[in-house]
Amino acid sequence: MPHVEVLPNSTSSVAPGWTYVVDTGYDPSKVAINPKNKKRVAAQPGGARGEHELSSRQQAAIARRIAELNRDNDPKQSIPVPGKTSTPKTQNARRIIQYQRQIKHWLDDEEAQLAQLQQAPQPRSATTASRIAAQPLRRSSTMISVPPTPSEATPGPAAATPISQRSHFEDDPLLSIERSMPPPLNPAELSALLTAPPLSYAASHVAPPPADGPPSRHFCDNCGYWGKIKCLKCGARVCGLECKDAHEATRCLKWA
Amino acid sequence: MPPKGSKKASAAAQTQTLVLDNGAYTLKAGLVSSASADPSYDDCTVIPNCIARSTRDKRTYVASELETCKDFGELAFRRPVERGFIVNWEAEKAIWENEFMGAGAGEGLRCDPKETNLLLTEKPNCPKELQKNCDEIVFEQFEFAAYYRCVGSTLNAYHPYGPDSLFSLPQECLLLIDTSYSDTTISPIYNGQLIQPAVRRLTVGGKLLTNYLKELSSLRHYNMMDETYLLNEAKEAVSFVAPSAQQFSRDLEWTWKGRLGDKRELDPSIVLDYVLPDYEQSIHGYARPHDPAKSRMRRGLQPVQGPKEDLLPLGNERFTVPELLFRPTDIGIQEVGLPAAIMESLSTLPEALKIGMLANVVVVGGNSLIPGFMERLESELRTLVPADYLLNIARAEDPIKHTWLGGARFASQRDRLKNVLVAKAEYDERGSGWLVRKFAGGG
């Protein structure tokens, strides 16, 4: 097949029925024709899973398990409020009391609202919108842009006690505490920190461990000892033959 | 009936304040009057924040009625607070009415909302819609005279350093770690004000630990998926945090049963038998040293002797469960452990504040009571903190009631309280959207 390439500075002409497409190597439309072609995917560089990477089935199982462990109320069993309950006093209160939503619905709502704010083209007050939009990207600190103003700085909390009774040791560089003192607190920076809006619930979670950190530990799926062996069928870890049999009888994901 | 605005003048005149730390697992509540002396832990009542139903005796227990429960088997709980936020107001209303307003309310807690101020705590990063619901219920359903809602952590800045400390309150720098039922939050607080962009939370809380132990015991021994109460009790009784990752590996080695044909002796200093209650003679379980003969009997390898009892052997479960606070990745939660999370929170702060925060770390919340927790946290945090920084970390004297006591101290100071309270009349005038903004600091 001839290789057709659009040069970067040519104007692309859109004709009905066909168009030039930049060949980037990976073509999702071709993959979609045969999505189950696992062998070819595995043969591609970067396509095969690494030793410690998890299959999507395992990832889904872990996510499900964590959600289960973190659940507050069982939706299957409903415990009615006993006795005669006093009637709600206003229409509003009635509405709130009758909500049957769980926390996940509220959190999903919050996320959806944030996403909507981000997508919306800059509304009238640009400053508030950009602040809300920047919110989920919490690591982009708002303070970086503030230039340090050492002249009007207040001493930091660790240095809060003013060094008023300085003696003749003052000139001795070895006894100087200047170097161990942090740069003084910048009032503008501080007030920016204190007035910043709260993060959304999802954004407040701590980051995943760094990729170059210590490798994650694996435990036996059955007894909790080190998981030295991988189950061939589902990839879970077990410690030995005894636990492998128990694992296959109960928890193996192959048949889940 | 007096005109609507008449309450406004008398709002500050209410001398009695209900301080309510509305946790997911327990309510911490107490009435504080601004005239009284310095409040203490004894003024706080801890009440389960749940409605429990037993399928065995067909009874429903609301909050403190749980004390009268004699059979915790298969007890099902309904908790109005999820992930630390009040979600189900139908249940929460029933609990508040039962504890504070009903005929069954405790003597020290009964109050008429119309003559009482409410100081209510919440977890950080609460969705705005839920805050709005909360404010609307407090004023429209309960009709409290005046109300202040704030992040519970910040109230911990109002504890005096010592009995006659000269430092003024609130404390200038405070790094509060709240490792509670729903999750673990890290809140840097400056002059009593939360530094919002630095707040971080870890998914792991007491609830997750209990559920994890429940899952492990059900997998390895009996099906206990309905025995939340029992496993929570067992967790509180036996779990401990290994002092270090090396010690963790060693303990894991010593509690291993060994391979087929190469069985090992279990370390008797770690492995325990938890004697399960039968709910006839006993209501609560207890731990005792492991007896290998008993577990052979249980598996039918040896004839049964002695009294009939059910044992739950606990080996590596004792320390692998709380280990999740330090290594959430052990069960696949993609988050760093608590010490690294603290450093992540501080990394958003300027250097000077970071130093101040590290010198004033206070830990509250029930998980901090697990033996070894504080030692492990301090030693791991020390390795992450630069060597020339001072690290001062302490657990609150009573980590459960500490936030409440901070709130009570705040509420007993009339001037402080007057500045932040919002009267019902003002709410009626300006509405709930305004109130949410006001409590968020946006005036």
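The values are calculated or read from the model by the stated rules, or taken from the named source; none is laboratory data. Just so you know, these numbers come straight off a predicted model, no measurement behind them. Every residue, glycine among them, receives a Cβ derived from its backbone with ideal geometry; neighbour counts consider all protein chains shown. Surface areas here come from the heavy atoms of the whole protein model, side chains and all, with no ligands, DNA or RNA. Shrake-Rupley method; radii C 1.70, N 1.55, O 1.52, S 1.80 Å.
Antiparallel versus total DSSP beta bridges in chain B: what percent is that, nearest 5?
Working: 44 of 61 bridges.
Of those bridges, close to 70 percent are antiparallel.
Using the alpha-carbon centroid of each, what span in Å lies between segment B:256-295 and segment A:187-256?
28
Per residue of B:97-105, how many C-beta atoms from partner chains lie within 10 Å of its own C-beta, taken as a mean? Numbers along the way, then the final one.
Values: counts 4, 3, 0, 0, 1, 2, 0, 0, 0.
Mean number of neighbouring Cβ atoms from other chains: 1.
Equivalent-ellipsoid semi-axes (√(5λ), Cα gyration tensor) for segment B:316-443, whole Å, largest first? Intermediate values should be presented prior to the final figure.
Numbers: eigenvalues 250, 71, 60 Å².
They are 35, 19, 17 Å, listed largest first.
Give the average over all directions of the projected area of the C-alpha convex hull of segment B:206-323, one decimal, in nm². Walk me through the intermediate numbers first.
Values: hull surface 31.8 nm².
Mean shadow area of the hull around the Cα atoms is 7.9 nm².
Arrange the residues B:S295, A:S86 by how much accessible surface each exposes, largest first, with a 1.4 angstrom probe.
Details: B:S295 20, A:S86 50 Å².
Per-residue accessible area, sorted high to low, gives A:S86, B:S295.
Do any trypsin sites (Lys or Arg not before Pro) in segment A:54-95 lie in a loop, going by DSSP, with at most 10 other beta-carbon atoms within 10 Å of their beta carbon, and if so which?
Values: sites: A:R57, A:R64, A:R65, A:R71, A:K76, A:K84, A:K89, A:R94, A:R95; in loops: A:R71, A:K76, A:K84, A:K89.
For trypsin sites (Lys or Arg not before Pro) across segment A:54-95 that sit outside H, G, I, E and B with at most 10 neighbouring Cβ atoms in 10 Å, the list reads A:K76, A:K84.
Please compute the net charge surrounding A:E68, taking Lys and Arg as +1 and Asp and Glu as -1 over other residues with Cβ under 12 Å from its Cβ.
Working: positive: A:R64, A:R65, A:R71, B:K207, B:K214; negative: A:D72, A:D74, B:E215.
Overall, the nearby charge balance is +2.
Sort the following peptides by mean Cβ neighbour count (other Cβ atoms within 10 Å, averaged over residues), highest first: B:279-286, A:208-215, B:391-398, B:368-375. Before the final figure, lay out each step's value.
Values: B:279-286: 13.1, A:208-215: 10.0, B:391-398: 14.9, B:368-375: 17.4.
Descending mean neighbour count gives B:368-375, B:391-398, B:279-286, A:208-215.
When the C-alpha atoms of chain B are aligned to their principal axes, what extent does each axis show, in angstrom, from largest down?
Dimensions of chain B along the principal axes of its Cα atoms: 83, 60, 39 Å.
If you find the alpha carbon centre of segment B:325-359 and of segment B:206-239, how far apart are they in angstrom?
Between the Cα centre of segment B:325-359 and that of segment B:206-239, the gap is 28 Å.
In whole percent, what relative contact order does segment B:315-418 give with Cα contacts below 8 Å and a gap of six or more residues?
Values: 82 pairs, mean separation 25.1, N = 104.
Value for segment B:315-418: 24 percent.
Would you mind getting me the FRET efficiency between B:N191 and B:D310? Use the beta-carbon distance for r and R0 = 51 Å, nearest 0.05.
Details: r = 54 Å, r/R0 = 1.06.
FRET efficiency, B:N191 to B:D310: 0.40.
Quick one: Debye curve from the alpha-carbon atoms of segment B:101-191 only, equal weights, vacuum; give me log10 I(q)/I(0) at q = 0.18, 0.25 Å⁻¹ to two decimals.
The Debye formula, applied to the Cα set alone, gives -1.01, -1.16.
Can you give the average number of partner chain beta-carbon atoms within 10 Å of each beta-carbon in peptide A:213-223, as a whole number? Walk me through the numbers on the way to the answer.
Values: counts 3, 3, 1, 6, 8, 1, 5, 3, 1, 3, 8.
Partner-chain Cβ atoms within 10 Å, mean over residues of A:213-223: 4.
What is the average number of partner chain Cβ atoms found within 10 Å of a Cβ in B:258-270?
1
Tell me the net charge near B:P243. Cut-off is 12 Å between Cβ atoms, B:P243 excluded, with +1 for each Lys or Arg and -1 for each Asp or Glu.
-3
Under 8 Å for C-alpha pairs, at least 6 residues apart: give me the relative contact order for chain B, rounded to a whole percent.
Working: 803 pairs, mean separation 88.0, N = 443.
Computed value for chain B: 20 percent relative contact order.
When only Cα pairs under 8 Å and 6 or more residues apart are kept, what is the percent relative contact order across segment B:206-323?
Working: 136 pairs, mean separation 36.3, N = 118.
Result for segment B:206-323 is 31 percent.
Pairs to check: B:K132/B:K401; B:K28/B:K123; B:K70/B:K401. Give those whose C-alpha atoms are more than 24 Å from each other in this structure.
Numbers: B:K132/B:K401 26 Å; B:K28/B:K123 14 Å; B:K70/B:K401 26 Å.
B:K132/B:K401; B:K70/B:K401, as the Cα separations exceed 24 Å there.
Which of the peptides B:309-316, B:417-424 is most tightly packed, and how do the rest follow, going by the mean number of other Cβ atoms within 10 Å of each residue?
Details: B:309-316: 20.5, B:417-424: 18.1.
Peptide ranking by packing, descending: B:309-316, B:417-424.
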